[in-house]
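First up is the structure itself, then whatever we jot down about it.
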Amino acid sequence: MIKKIRFYQTINAKIVMVIVMVIVFALQLIGANFITQTERQLISNFQENQQLQTNFLENSFIPYLEMLEKPEEISEGIIPEDEINQLIQDFSGTEISNITVIDDDFVILGNSDGTLQSELGQILNDTDARTAILQGSSISRQIIDPTTNTRRWKIVKTVYSPSDPQKIIGAIVVESKIEAVYNQITEITWIFLRASLIAIILSSILANMVSKALTDPIKEMQEKAKAIGEGDYSGEVKIYGTDEIGLLAENINELSDEVERGQRRIESERRRLDSVLANMSEGIIATNRHGVIDIVNNMAVKMLDHSKNNIIGENILSLLQIRQDYSLRTLVEKNEGILVYFGEEDTEKTILRASFSLIQTEAGFVSGVVCVLRDVTEEEKIEKNRKQFVSNVSHELRTPLTSMRSYIEALIDGAWKDDELAPRFLEVAQSETDRMIRMINDLLHLSRIDSGKSELEKELIDITALFAQVLNRFEMLIQSEELREKNYQIEKNLLAEATFVDVDADRIVQVLDNIMNNAVNYSPEGGTITCGMKIKDGYVIMSIKDNGIGIPEEDLKHIFTRFYRVDHARSRAMGGTGLGLAISREVIEQHEGKIWAESKERSGTTFYIALPYIPYEEEDWGWV
Ligand code: ADP
């Protein structure tokens with residue numbers, strides 16, 4: 001976020017203010033000095049000038065004042081007072097407003113003011129003049145003229161007798177208009193102020209221009225830097241010169257290019273990483289050092305069945321529901337990873353193997369944790385099934401062997417001598433051996449299917465005829481001596497026409513035998529086995545229905561599992577291996593068909609076998 005700068009905070013304003021202030025100070029200093037000096041000079045000039053004029057007047061009056069002291073020396077026809085007055089009247093001094101001449105008794109001898117001629121011969125009432133004569137010294141000082149209220153320069157010059165330098169023979173009082181000097185100074189001050197004002201205005205304009213020349217490129221650079229920050233690398237800062245600012249502008253342009261290149265590099269790296277992550281078969285979750293998730297790939301989202309937005313920001317321990325059992329540290333230390341189970345209570349759980357590793361900087365600082373998730377549900381299931389299978393096989397083989405062993409023991413213990421028992425015991429041993437052989441054969445068959453070694457020898461056969469053949473065989477079987485009294489019925493609702501399918505006939509017969517056997521075995525006495533056939537959705541579907549004991553719903557989904565039996569004892573008693581339906585399913589799936597069962601407890605079971613069927617036209621065989 002770039003802050004907005006207030007006007008007074010701008011460099012422009014600061015430069016202008018500093019320059020104007022410097023100029024104001026300089027002008028103040030120069031002005032104060034200059035005006036005081038000028039004032040002093042003008043006043044002293046004025047005073048000197050007045051003094052000179054006064055001296056000149058003094059020299060003019062001395063003879064007449066001397067005459068007044070020594071009336072005997074007055075030449076004929078000369079009246080000294082008149083002469084003095086006349087001299088004053090004739091004197092045309094500059095700036096002088098009034099000249100008064102008195103004798104040592106303060107009697108006014110002459111006055112320059114025409115209106116004051118009546119005062120001639122009178123005593124001058126002037127303190128300065130009296131003081132000067134009494135003290136024998138001259139006085140000069142500034143006074144205010146009460147009538148005009150202006151400043152005057154007053155010189156009282158005592159006049160000494162040339163013959164007796166100790167004797168005062170009179171005094172000259174000269175008043176001059178010093179106000180004019182002050183007016184001059186005021187005028188000069190005004191001129192100076194006006195000039196200063198113009199200088200300030202001009203200098204602020206100039207300062208503004210100079211500072212703008214400095215700040216404009218800075219502003220441009222600031223805007224460029226802001227644009228770089230917002231990811232806009234277009235355009236370049238204009239380079240105005242080769243000074244420091246020019247170099248800075250050049251550096252900013254280079255920086256912009258470098259940042260853009262870097263950004264592109266990062267972007268392409270990120271995309272590469274994204275596509276690697278997206279296409280991985282493993283789920284990847286990355287967290288910060290506190291375990292809060294910041295990266296997750298699609299596979300992880302799919303595995304965890306969450307939305308991506310819900311996962312980001314969540315703690316990985318909570319997400320995997322392992323907070324109670326582990327801490328991040330213990331997980332990272334577990335090299336082989338851990339298994340986590342996901343899914344609703346009653347459904348089949350997804351099993352994930354989660355392996356954790358640290359994300360570390362070069363300096364060894366831990367910046368986060370990466371978790372790799374692998375779906376091992378299938379592997380775990382296979383492993384579980386394998387274990388189950390081994391245990392089942394061992395169990396299945398141990399039961400007949402134990403039973404055989406007890407019979408053989410009984411025979412050894414003497415039963416072989418018993419004509420009645422011995423053949424029965426041997427028969428049991430034989431049937432158990434047969435069952436074991438059947439089971440081993442079934443297992444071998446399944447193992448061949450599992451390893452892909454059991455190849456089908458397919459040929460196009462009429463499945464209607466094949467089904468009919470199997471049923472005919474079973475009709476004969478139920479009529480046999482053994483089963484006749486059970487009074488089983490077989491009802492055939494087969495298709496009327498030949499239905500050709502591409503199958504391995506022997507295997508299909510094996511499946512049909514299996515299901516028919518079960519139907520017979522689980523049917524009650526007098527039960528009817530209904531066999532049907534139909535063609536639907538590209539399949540020929542055969543059904544074998546009995547009205548036997550049925551299969552409970554919870555067992556129905558397991559009956560195609562190896563060794564699964566609803567009633568173990570009954571199955572074993574009937575010589576079943578528990579592998580018949582498992583083999584049937586494998587065989588039908590090898591044919592890309594389907595096999596399933598519907599059942600209702602105590603009212604019967606229906607098995608369906610669906611095989612892929614492509615109806616053919618007569619013409620297809622035209623070339624035969
Ligand atoms: P078995 O050798 O025990 O018959 P199968 O794989 O053929 O093994 O059948 C598995 C189990 O399915 C049997 O043990 C039995 O409990 C049940 N089953 C199969 N067919 C029927 C049926 N028609 N009626 C009732 N239960 C059946």
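The values are calculated or read from the model by the stated rules, or taken from the named source; none is laboratory data. Being a predicted model, the structure only gives us computed values, none of them experimental. Here Cβ is always computed from backbone atoms with ideal geometry, including for glycine, and neighbour counts include all displayed protein chains.
In the stretch 477-497, the residue that is nearest to Gly548 (Cα to Cα) out of those that are in a loop (DSSP other than H, G, I, E, B) and touching a helix residue (DSSP H, G or I) at 6+ places or on another chain (Cβ under 6 Å) is Tyr488. Which residues, taken from the stretch 287-339, are in contact with a Cys (Cβ under 8 Å, 6 or more places away or on another chain) and of a type in the set (Ser, Thr, Tyr)? Matches in the stretch 287-339: Thr287 only.
Scanning the stretch 529-574 for residues that are of a type in the set (Lys, Arg), under 14 Å from Thr605 (Cα atoms) and in contact with a Phe, Trp or Tyr (Cβ under 9 Å, 6 or more places away or on another chain) yields one hit, Lys545. Applying the condition of being more than 22 Å from Glu482 (Cβ to Cβ), of a type in the set (D, E, K, R) and more than 60 Å from the chain's Cα centre (by Cα) to the stretch 495-549 and asking which residue is surrounded by the most Cβ atoms within 10 Å (Cβ to Cβ) yields Arg507.
Of all residues in the stretch 503-526, which are more than 15 Å from the ligand (Cβ to nearest atom) and without any contact (Cβ under 8 Å) to a residue 60 or more places away in the chain? Within the stretch 503-526, Ala505, Asp506, Val509, Gly526 qualify. Could you please let me know if Glu72 is at pLDDT below 85 and either closer than 24 Å to Ile144 by Cα or out of contact with any His (no Cβ under 7 Å at 6 or more places or on another chain) (or both)? The answer is yes for Glu72. Among residues of the stretch 411-439 being touching a helix residue (DSSP H, G or I) at 6+ places or on another chain (Cβ under 6 Å) and more than 25 Å from Asn514 (Cβ to Cβ), the one that is surrounded by the most Cβ atoms within 10 Å (Cβ to Cβ) is Phe425.
Every test in (1) more than 26 Å from Lys384 (Cβ to Cβ); (2) in contact with a Lys or Arg (Cβ under 7 Å, 6 or more places away or on another chain); (3) not hydroxyl-bearing (Ser, Thr, Tyr) is passed by Gly337 save one, and that test is (1). The residues in the stretch 30-87 that are surrounded by 12 or more Cβ atoms within 10 Å (Cβ to Cβ), within 26 Å of Thr186 (Cβ to Cβ) and in contact with a helix residue (DSSP H, G or I) (Cβ under 9 Å, 6 or more places away or on another chain) can be counted, and the count is 9.
Within the stretch 412-449, being touching a residue at least 40 places away in the same chain (Cβ under 8 Å) and among the charged types (D, E, K, R) holds for Asp434, Arg435, Arg438, Asp442. Would you point out the residue of the stretch 568-604, among those that are near the ligand (Cβ under 6 Å from one of its atoms) and under 26 Å from Glu491 (Cβ atoms), that is surrounded by the most Cβ atoms within 10 Å (Cβ to Cβ)? Per the criteria, the residue is Leu581. Considering every residue within the stretch 294-317, establish whether at least one is hydroxyl-bearing (Ser, Thr, Tyr) and surrounded by 11 or more Cβ atoms within 10 Å (Cβ to Cβ). Checking the stretch 294-317: not a single residue is hydroxyl-bearing (Ser, Thr, Tyr) and surrounded by 11 or more Cβ atoms within 10 Å (Cβ to Cβ).
Considering each residue of the stretch 596-603 in turn, none proves to be of a type outside the set (Gly, Ala, Ser) and closer than 28 Å to Asp434 by Cα. Please determine, by comparing only the residues of the stretch 537-566 that are out of contact with any helix residue (DSSP H, G or I) (no Cβ under 9 Å at 6 or more places or on another chain) and without any contact (Cβ under 8 Å) to a residue 40 or more places away in the chain, which one is farthest from the ligand (Cβ to nearest atom). Once the filter is applied, the top-ranked residue is Asp537.
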